[in-house]
Structure formats: C-alpha cells, structure tokens
Amino acid sequence: MSIIKLNAIDSTNNFLKDLSRNQSVDNFTVVVAQKQTNGKGQMGATWYSEEGKNLIMSILIKDVLQNYDEIFHLNVAVALSILQVLEDFDIPNLSVKWPNDIMSDQKKICGILIENSFKSNTKIESVVGIGLNVNQNKFDNLPKASSMALVAKNEFNLDSILINIIFQIKKNCSWILSNQLDKLWKVYHKHLFKINVPMAFEDAIQNRFMGIIKGVSPEGKLQVLLEDNSVKNYGIKEIQILF
Ligand code: BTN
C-alpha cells in the first residue's frame, strides 16, 4: 500500500481517478492533501476545509465489489470504518446520517464521497474520498458542521487517524469479500442517525411530511414509515431529513 502526500491539489478524488486512468495503481493506494482548491462534496456541492487542519484523503478500492447491486455495501463499510476509528479516539455520540455522513450529536464531522467506475460488469473500481474535520475550530456559515477538536476539546494527530482509517477500511472490506455483510449492516443500522424517531422530511418537490426512518435497503435507499403506515424507499436526491 502506498500513501501519496500532496501539499495542494484540486481534489484528491480527481487526482486518484486520473492516476489510475493513466497507470496501474495498487489497491488501497491513498492520496492525502493539506489543501484542496476544488474539493467535491455530494450532489455537486463544494467541500471546504481549512488548510492543514483536517484529513482530506482518497483511497482506491478495487476487487471488492463484484456487481452493481453491491455498491452500497462499500458505503456501509467505509462509514463504519470512520465511525469505529472515531470511537477509538473517544469522539462522543457518533452516528451515521444516511447515506454516509458521520455525525457527533447533531453535527457533521465527516463527509464521504465514493465515485465508482465500471471497468466491466464484474470489475468495479471505487475512489473513496473522505473529508474528516479534525482540528478546525471555526465553521463560518455552516451551523451543522463541527470537528473532532471541537467536540472532544482536544487536538489530534492527523497521521495517526489516517493510519487507523486505512486499517479499518481494509478490515471492513475483507468482511464484504468474505460475505459477512450481515455483520456490517447490523452495526450500520445500530448507528443510523434518527432511526425509529419521528422526524420531519422534505421531498424533491419541497413537500414536507412526517415519518420514521426504519432502515436502509441493500441498494442504499432510505426506508421511511409514513403516516398512512406504508413504508416508502427514497433515493439520495429524493428526500432530505430536516433536523
Ligand atoms: C460530502 O458532501 O459529505 C462528501 C464530502 C467529501 C469530501 C472529500 S475531501 C477528500 C475527497 N476529495 C474530494 O474532492 N472530496 C472528498
């Protein structure tokens, strides 16, 4: 496994995707940067991170997913890896907000962006981008963002978190490979943000409604129990949890 350390780059995800397009790159190769000039978030958002304060990394994962139906298992494995590492660093009240934001209490401390490319029907290559807020102390205009340092009132060593995350991701990927998906999903559901709690939601056409999160389907859809007692599955662009 190699770790490529960069001072500045547009996006570590883009860097790793380009690298693997142009040359053969080992499985679990990691790219870390001090600063991104065009960090990408989910659904076309921009990911901002103060230079040198946080963990900005991407990791190449191949030969783990065999087909399209399995794609969300990797989201589960990665989100849990971060959660497990943060638990070891004593970060309190952790949960995974569907699909894969890592929360401490009601605040997001880590975002994950997984970009999959299909090399063939059975060959899927994933670039897993992780933005973990570690030592940043201020989040202007982002009232729902926080960092490990803010919640734990402590500074952390970026390298030691990085090593732990890589180790845990490899371990959880080995669970996918050995078909121990039930274990992963059980822990994911145990830590799912607001599971079984009545919540307000907004759909894609700005309708607001009440519901209760019952779980996430194997394809990665959020399963919400509605007021008429039906359970509806929502994709990522179809629903927002209001909290
Ligand atoms: C989200 O919107 O929650 C996902 C954020 C993912 C950010 C990380 S930072 C490292 C990697 N490179 C990127 O451009 N994005 C991801």
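One table, with the values for the structure above:
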{"read-out": "Condition check for Ser81: hydroxyl-bearing (Ser, Thr, Tyr), within 16 Å of the ligand (Cβ to nearest atom) and part of a helix (DSSP H, G or I)", "value": "yes"}
{"read-out": "Candidate set: region 128-164, residues that are more than 16 Å from the ligand (Cβ to nearest atom) and outside any helix (DSSP H, G or I); chosen: the one farthest from Ile91 (Cα to Cα)", "value": "Asp140"}
{"read-out": "Filter result (in a loop (DSSP other than H, G, I, E, B) and within 11 Å of the ligand (Cβ to nearest atom)) within region 30-57", "value": "Thr37, Asn38, Gly39, Gly41, Ala45, Trp47, Tyr48, Ser49, Asn54"}
{"read-out": "Region 112-128, residues that are of a type outside the set (A, V, I, L, M) and open to solvent by less than 10 Å² (accessible area, probe 1.4 Å)", "value": "Ser126"}
{"read-out": "Selected residue (criterion: farthest from Leu158 (Cα to Cα)) from residues of region 7-29 that are part of a strand (DSSP E or B) and away from the ligand (no atom under 11 Å from the Cβ)", "value": "Ala8"}
{"read-out": "Sole residue being at negative phi and open to solvent by less than 40 Å² (accessible area, probe 1.4 Å), chosen from Thr46, Thr29, Thr37", "value": "Thr29"}
{"read-out": "Phe72 vs. criteria within 21 Å of Glu125 (Cβ to Cβ), within 16 Å of the ligand (Cβ to nearest atom), at pLDDT 95 or above and open to solvent by 30 Å² or more (accessible area, probe 1.4 Å)", "value": "no"}
{"read-out": "Any hit, region 88-95, residues being under 17 Å from the mean Cα position of the chain (by Cα), assigned to a strand (DSSP E or B) and not charged (D, E, K, R)", "value": "yes"}
{"read-out": "Neighbours by Cβ (under 8 Å, 6+ apart or cross-chain): first from region 6-22, crowded, with 22+ Cβ neighbours inside 10 Å; second hydrophobic (A, V, I, L, M, F, W, C) and part of a helix (DSSP H, G or I)", "value": "Ile9/Phe15"}
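The values are calculated or read from the model by the stated rules, or taken from the named source; none is laboratory data. These figures come from a predicted structure and were not determined experimentally. Glycine also receives a Cβ, built like all others from the backbone with ideal geometry; neighbour counts cover every protein chain displayed. Remember, those area values only see protein heavy atoms, side chains included, never the ligands or the DNA or RNA. Shrake-Rupley method; radii C 1.70, N 1.55, O 1.52, S 1.80 Å.
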